[in-house]
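Engineer: Can you read through this structure? Questions will come right after.
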Amino acid sequence: MAGYFELLWSFFKIGSFTLGGGFAMIPLMEKELVQRKQWLSKEEFLDLLSVSQAMPGVFAVNMATSIGYRLRGKRGAVMAVLGNILMPILTILLLAMFIRYFRDNAVVESIFKGIRPCVVALIAAPVFTMAKNAGLTWQNCWIPLLAAALIWLLGVSPVLIIIIAGIGGFLYGRIKDRKEASA
């Protein structure tokens, strides 16, 4: 079981080495918390990931809160969140203090342009891993594609999509259970 300091340190490392925001943290969190520390199973991690995405607010903080609470209760949630946000806050403060000195520097601008593709890759990698772990196949990949198209092209509310998907998943599970029971 994770101790408070160990939880703080793990999330501090995750928050310190992530570029690109909360979704870019997913592979680091999975490696640290599921593979290295084995504090969570892959299924638990995916469940907490789903809940964290559905909650309002900053995804990285939601994820740290969910995992910290799952592992050590309220104090664990506080330690995980503190660890997760400490380095980004310090970095932002330092950048804000010195931005006027390198705002128009072509080298700095080029560095940030070079980082963008890496951030995209860091976000894309866990999407494929989560799809595989969630059981997404060629037979059912139409579901998230349809949901994305409805949101993007027709402006359907994501909340409505989530409610419909939840009801659909519940009904599908009930029908599947009945078929298995009668077989």
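Engineer: Please verify whether Phe23 is of a type outside the set (Asp, Glu), more than 19 Å from Gly76 (Cα to Cα) and without any contact (Cβ under 8 Å) to a residue 24 or more places away in the chain, treating the condition exactly as stated. Don't jump to the end; show me each part of the working.
Structural biologist: Details: of a type outside the set (Asp, Glu): yes; more than 19 Å from Gly76 (Cα to Cα): yes; without any contact (Cβ under 8 Å) to a residue 24 or more places away in the chain: no.
Here the answer is no, as Phe23 does not meet what is asked.
Engineer: State whether one or more residues within segment 9-26 are surrounded by fewer than 16 Cβ atoms within 10 Å (Cβ to Cβ), at pLDDT 90 or above and in a loop (DSSP other than H, G, I, E, B). Write out each step before concluding.
Structural biologist: Within segment 9-26, the subset surrounded by fewer than 16 Cβ atoms within 10 Å (Cβ to Cβ) is 9, 13, 16-17, 19-21.
Subset that is at pLDDT 90 or above: 9, 13.
Those left that are additionally in a loop (DSSP other than H, G, I, E, B): none.
No; the residues of segment 9-26 include none that is surrounded by fewer than 16 Cβ atoms within 10 Å (Cβ to Cβ), at pLDDT 90 or above and in a loop (DSSP other than H, G, I, E, B).
Engineer: Suppose we filter Tyr69, Tyr101 for residues that are more than 18 Å from Ile14 (Cβ to Cβ), aromatic (Phe, Trp, Tyr) and more than 13 Å from the chain's Cα centre (by Cα); which single one remains?
Structural biologist: Values: Tyr69 fails: more than 18 Å from Ile14 (Cβ to Cβ).
Just one listed residue meets the conditions, Tyr101.
Engineer: Separate question: Being in contact (Cβ under 8 Å) with a residue 60 or more places away in the chain and out of contact with any Pro (no Cβ under 7 Å at 6 or more places or on another chain) is the filter here, so list the residues in segment 121-173 that pass it.
Structural biologist: To start, the set of residues in segment 121-173 that are in contact (Cβ under 8 Å) with a residue 60 or more places away in the chain comprises 122-123, 125-126, 129-130, 133-134, 162.
Within segment 121-173, Ile123, Thr129, Met130, Asn133, Ala134, Ile162 qualify.
Engineer: Would a scan of segment 62-74 turn up a residue that is assigned by TED's automatic domain parsing to the domain that holds Ile26, surrounded by fewer than 17 Cβ atoms within 10 Å (Cβ to Cβ) and assigned to a helix (DSSP H, G or I)? Step through it out loud before you land on a result.
Structural biologist: Keep residues of segment 62-74 that are assigned by TED's automatic domain parsing to the domain that holds Ile26, which gives 62-74.
Filter once more, keeping what is surrounded by fewer than 17 Cβ atoms within 10 Å (Cβ to Cβ): 73-74.
This time we only want the ones that are assigned to a helix (DSSP H, G or I), so: 73-74.
Yes: one or more hits.
Condition check ((1) surrounded by 10 or more Cβ atoms within 10 Å (Cβ to Cβ); (2) among the hydrophobic types (A, V, I, L, M, F, W, C)) across all residues:
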site: Thr137; (1), (2): no, no
site: Cys141; (1), (2): yes, yes
site: Ala149; (1), (2): yes, yes
site: Gly155; (1), (2): no, no
site: Val159; (1), (2): no, yes
site: Gly166; (1), (2): yes, no
site: Leu171; (1), (2): yes, yes
site: Ile175; (1), (2): yes, yes
site: Arg178; (1), (2): yes, no
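Engineer: A further question on this structure: Given the criteria part of a helix (DSSP H, G or I), open to solvent by 60 Å² or more (accessible area, probe 1.4 Å) and either in contact (Cβ under 8 Å) with a residue 12 or more places away in the chain or in the same structural domain as Met55 (by TED's automatic domain parsing) (or both), does Val107 qualify? Before the answer, list the steps.
Structural biologist: Details: part of a helix (DSSP H, G or I): yes; open to solvent by 60 Å² or more (accessible area, probe 1.4 Å): yes; either in contact (Cβ under 8 Å) with a residue 12 or more places away in the chain or in the same structural domain as Met55 (by TED's automatic domain parsing) (or both): no.
Answer is no for this residue.
Engineer: Still on this structure, I have one more. Being farther than 20 Å from Ile123 by Cα and hydrophobic (A, V, I, L, M, F, W, C), is that true of even one residue in segment 34-42?
Structural biologist: The initial filter retains those residues of segment 34-42 that are farther than 20 Å from Ile123 by Cα, namely 36-41.
Keeping just the survivors that are hydrophobic (A, V, I, L, M, F, W, C) gives 39-40.
Among the residues of segment 34-42, at least one is farther than 20 Å from Ile123 by Cα and hydrophobic (A, V, I, L, M, F, W, C), which makes the answer yes.
Engineer: Looking only at segment 143-168, how many residues end up being more than 22 Å from the chain's Cα centre (by Cα) and not aliphatic (A, V, I, L, M)?
Structural biologist: Qualifying residue count for the region: 2.
Engineer: Right, here's the next one. Sort out which residues of segment 8-33 are hydrophobic (A, V, I, L, M, F, W, C) and touching an Asp or Glu at 6+ places or on another chain (Cβ under 8 Å), and write them in order of number.
Structural biologist: Step one: filter segment 8-33 for residues hydrophobic (A, V, I, L, M, F, W, C), giving 8-9, 11-12, 14, 17, 19, 23-26, 28-29, 33.
Once the filter is applied, which keeps residues that are hydrophobic (A, V, I, L, M, F, W, C) and touching an Asp or Glu at 6+ places or on another chain (Cβ under 8 Å), segment 8-33 yields only Ile14.
Engineer: Just to check your reading of the model, which residue among Leu146, Leu93, Leu136, Leu171 is touching a helix residue (DSSP H, G or I) at 6+ places or on another chain (Cβ under 8 Å) and among the hydrophobic types (A, V, I, L, M, F, W, C)? Spell out how you get there, then give the answer.
Structural biologist: Working: Leu146 fails: touching a helix residue (DSSP H, G or I) at 6+ places or on another chain (Cβ under 8 Å); Leu93 fails: touching a helix residue (DSSP H, G or I) at 6+ places or on another chain (Cβ under 8 Å); Leu171 fails: touching a helix residue (DSSP H, G or I) at 6+ places or on another chain (Cβ under 8 Å).
That would be Leu136, the only listed residue that is touching a helix residue (DSSP H, G or I) at 6+ places or on another chain (Cβ under 8 Å) and among the hydrophobic types (A, V, I, L, M, F, W, C).
Engineer: Any residue that is under 20 Å from Ala54 (Cβ atoms) and not assigned by TED's automatic domain parsing to the domain that holds Ala24 - is there at least one of those in segment 81-103?
Structural biologist: Of all residues in segment 81-103, those under 20 Å from Ala54 (Cβ atoms) come to 81, 84.
Those still in the list that are not assigned by TED's automatic domain parsing to the domain that holds Ala24 too: none.
No, every residue in segment 81-103 fails to be under 20 Å from Ala54 (Cβ atoms) and not assigned by TED's automatic domain parsing to the domain that holds Ala24.
Engineer: Now a separate question. Any residue at all in segment 35-44 that is out of contact with any Asp or Glu (no Cβ under 7 Å at 6 or more places or on another chain), open to solvent by 40 Å² or more (accessible area, probe 1.4 Å), part of a loop (DSSP other than H, G, I, E, B) and over 30 Å from Ile162 (Cβ atoms)?
Structural biologist: Looking for residues that are out of contact with any Asp or Glu (no Cβ under 7 Å at 6 or more places or on another chain), open to solvent by 40 Å² or more (accessible area, probe 1.4 Å), part of a loop (DSSP other than H, G, I, E, B) and over 30 Å from Ile162 (Cβ atoms), one finds at least one in segment 35-44, hence yes.
The values are calculated or read from the model by the stated rules, or taken from the named source; none is laboratory data. All figures in this text were calculated on a predicted structure; none of them were measured in a lab. All Cβ positions, glycine included, derive from the backbone under ideal geometry; neighbour counts span all protein chains shown. Ligands, DNA and RNA are excluded from the accessible area calculation, which covers all protein heavy atoms including side chains. Shrake-Rupley method; radii C 1.70, N 1.55, O 1.52, S 1.80 Å.
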